[in-house]
Each structure stands twice: as structure tokens, then as C-alpha cells.
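Participant: The structure under discussion is supplied below as C-alpha cells; questions concerning it will follow.
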Amino acid sequence: MPPPATHPSEAKPSLTVLLAGPRGFCAGVDRAIRIVEEALRLHGAPVYVRHEIVHNRYVVESLERQGAVFVEELDEIPDDGRPVVFSAHGVPKSVPAEAARRRLFYLDATCPLVGKVHREAERHFAAGRHILLIGHAGHPEVIGTMGQLPPGAVTLVEDAAQARRLRAPEGRPLAYITQTTLSVDDTAEIVAALRTRFPSIAGPAKEDICYATTNRQAAVKAIAPRCDLLVVVGAPNSSNSLRLREVAERAGCPRAILVQRGAELDPAVAEGCATVGVTAGASAPEALVEEVLARLRTRFDLCVEEVVVREERVAFKLPAALTEADPAAPPLAAATTP
């Protein structure tokens, strides 16, 4: 039998959706989540995690259902011999030092690209340089990076205006490093201001902003001029997700919004739009993008086009304490250290 006729009043308006590629999970986020999952598989629940493993409640709640217990500080963790995981954002040196003092078994899920910035900071400090860190105050990655060195060794620079009026310590050579999840364009402006003020300032051999942040911003720039609205899937405390929204508006999209889940999106926001862009921050899984598309389909007939600006094939290894662990080994003892 032929399908029933659709009356004009029942037809959904058409809407073109441009999916930015790449989007969503980066290699550092994927590694951090796998560290928690593998620790749970090898050692059972609970596995403690200091801070959100990544900035995404969907991910955190999924791990909680598997047996992860999230805490803010180590003093919330009992001396029961269970594994402790540090988040992907990195931690001050005082945190693993305290874990070692308490003889906790800890696994460091710090993104290797954040670890690269930590090592740069240590090298500059060892060379006698004062370090200018370009980043956002209060972000866990910034707290972790500044915590690699003694107090006063690092000055935080948040914007170009601050860079232009900065008073650096006299008689000390300077170096700059950056948070890995910043706006590429904003950071270039800040670096230019610093180089104008301090022509001999040392910088990284390769920029500190990570490949995933750079690629996701490039993908947004590619689709933003074609969009009437751009939806970023990500958490409000996710630096890279917030930057994607800003990049979209600067690149020519009239409006960009941030949602954590499809349920947060009112499809009516796309009324009158011909084209909507969709992307996801580096800590947002593809399942949440699918939720947004499903939400839009309740009101529109979608024509989905993926626009890929770069292919990503980056992968990071898990810690040896997990890959070399014996699944038949007895439960951890409180005295076990990595």
C-alpha cells in the first residue's frame, strides 16, 4: 500500500544542519575516561577520581554508574587501598606528593599535551626565566600548571590589555606558555602584545594550544559564515566549548548557543533559520550531538551535511600501571604506589 498522504499543514519545515568536523572527544579526553574505566575493570569499584575527570556531566554520571566516586580533594578519600585518578586537566605537584605521602595508589590522567606545558614551565624555570602563563584564572588546567613551580614563579596573563600593561620582574629573562584550550585568535593577539613589550621573550617551539582545540575552532570557522545559528554541545565550565561559541560569532554566525544535552535545546530557537551548525567541545561525546539532532527532528525535516576540515588520528597510551597490570592479581593494598 502507498504511504498515507501528508497534508501541507502536517509537513515539517526543512532545515539544513552543518556538522562541524572534527568535533567532540579528543585523544586526551578519551585517554582519561579509559583510565577510569580500565581501573574499574581491573580493580573493581570504587575508584576515586579527584575533580571531574573531564568537564562533562554526562561522562561523569556514566562513570559514577560504573563505580567511580568523584571527590574534590584527597582528604575525602579513605585509606582503603583503592585507586585514585587525577583529572585530565592536570594537578599541582602538591597533589601527587600528598598521595605519595599517604601511600595511595594513584593514576595520573593528565592529558599528555598539558603535561608538555608543565615540562616547558619547569625548563624555563630551571633556565632562570620568569614565566608568563596565558590562560583563564581559576581554570583547573591553569591551577595545575602554576602549581608545578614555587609561588611567584609564574604570572597569569588573561588578555591582550593585561599583556600591554604588564609589569614583569626586573632583571629576569621572560618566557611565555599557554593554557591548551584557548581561542587561537585571542592567544595570537596576546602573544603579539607580549612580543611587542618584551622582544626577547622565549616561547614554545610548538604552540601550546592543543591540536584538538585548534582543529575544532577551524571547523567552526569553516561553517559559521553559512549558518544562521550554531549550537555548541558542551559544558558551561568547559573552556574549549566556550571558545567554540565565541569563535562562531566572530566568524560570522549571527548567533551561537551552548547546550549540555539535547533536552536543553528548544527546537523553536531554529525557527526562521535556513541553516544551523552543530559542533561539540572536546569533552562532549557524540551521543550528545545525536541528542541535539533528534531534538531538532521533532520540529524540522533535517538535511545533514558534515563539513570536515581535518582528519584526526591522534591516540595516547594508557599508564603502564594499567596496561601491565595482571587481571588475576589480588586487590590493591593500601601501601601500593605507582
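The values are calculated or read from the model by the stated rules, or taken from the named source; none is laboratory data. Remember, predicted model here, so these are calculated numbers, not experimental data. Note: ideal-geometry Cβ built from the backbone for every residue, glycine included; neighbour counts use all protein chains shown.
Participant: I190 passes all but one of (1) assigned to a helix (DSSP H, G or I); (2) outside the structural domain of H130 (by TED's automatic domain parsing); (3) surrounded by 15 or more Cβ atoms within 10 Å (Cβ to Cβ); which number fails?
Facilitator: (2)
Participant: Please list, ordered by first then second residue, the pairs with beta carbon atoms under 7 Å, 6 or more apart or interchain, first in the range 11-33 and aromatic (F, W, Y), second crowded, with 22+ Cβ neighbours inside 10 Å.
Facilitator: Close Cβ pairs (under 7 Å, with a partner that is crowded, with 22+ Cβ neighbours inside 10 Å) amount to F25/A282.
Participant: Residue check, M146 against (1) aliphatic (A, V, I, L, M); (2) in contact (Cβ under 8 Å) with a residue 40 or more places away in the chain; (3) in contact with an Asp or Glu (Cβ under 7 Å, 6 or more places away or on another chain), all met but one. Which one?
Facilitator: Of the numbered conditions (1) aliphatic (A, V, I, L, M); (2) in contact (Cβ under 8 Å) with a residue 40 or more places away in the chain; (3) in contact with an Asp or Glu (Cβ under 7 Å, 6 or more places away or on another chain), the odd one out for M146 is (3).
Participant: Now for a different question. Considering (1) touching a helix residue (DSSP H, G or I) at 6+ places or on another chain (Cβ under 8 Å); (2) closer than 30 Å to V259 by Cβ; (3) assigned to a helix (DSSP H, G or I), say which one D30 fails and leave the rest.
Facilitator: (1) is the only condition that D30 fails.
Participant: Within the range 1-27, take every residue that is in a helix (DSSP H, G or I) and at pLDDT below 95 and give me the one that is nearest to the chain's Cα centre (by Cα).
Facilitator: Going residue by residue through the range 1-27, those that are in a helix (DSSP H, G or I) are 8-10, 27.
Still in the running and at pLDDT below 95: 8-10.
Working: P8: 45, S9: 44, E10: 42 Å.
Here the answer is E10.
Participant: Please tell me if A270 is closer than 18 Å to G21 by Cα and touching a residue at least 12 places away in the same chain (Cβ under 8 Å).
Facilitator: For A270, the condition - closer than 18 Å to G21 by Cα and touching a residue at least 12 places away in the same chain (Cβ under 8 Å) - is not met.
Participant: Count, please, the residues in the range 163-187 that happen to be in contact (Cβ under 8 Å) with a residue 24 or more places away in the chain and assigned to a loop (DSSP other than H, G, I, E, B).
Facilitator: Total satisfying the criteria: 10.
Participant: Taking the range 164-222 only, how many residues are more than 21 Å from G128 (Cα to Cα) and aliphatic (A, V, I, L, M)?
Facilitator: The qualifying residues number 12.
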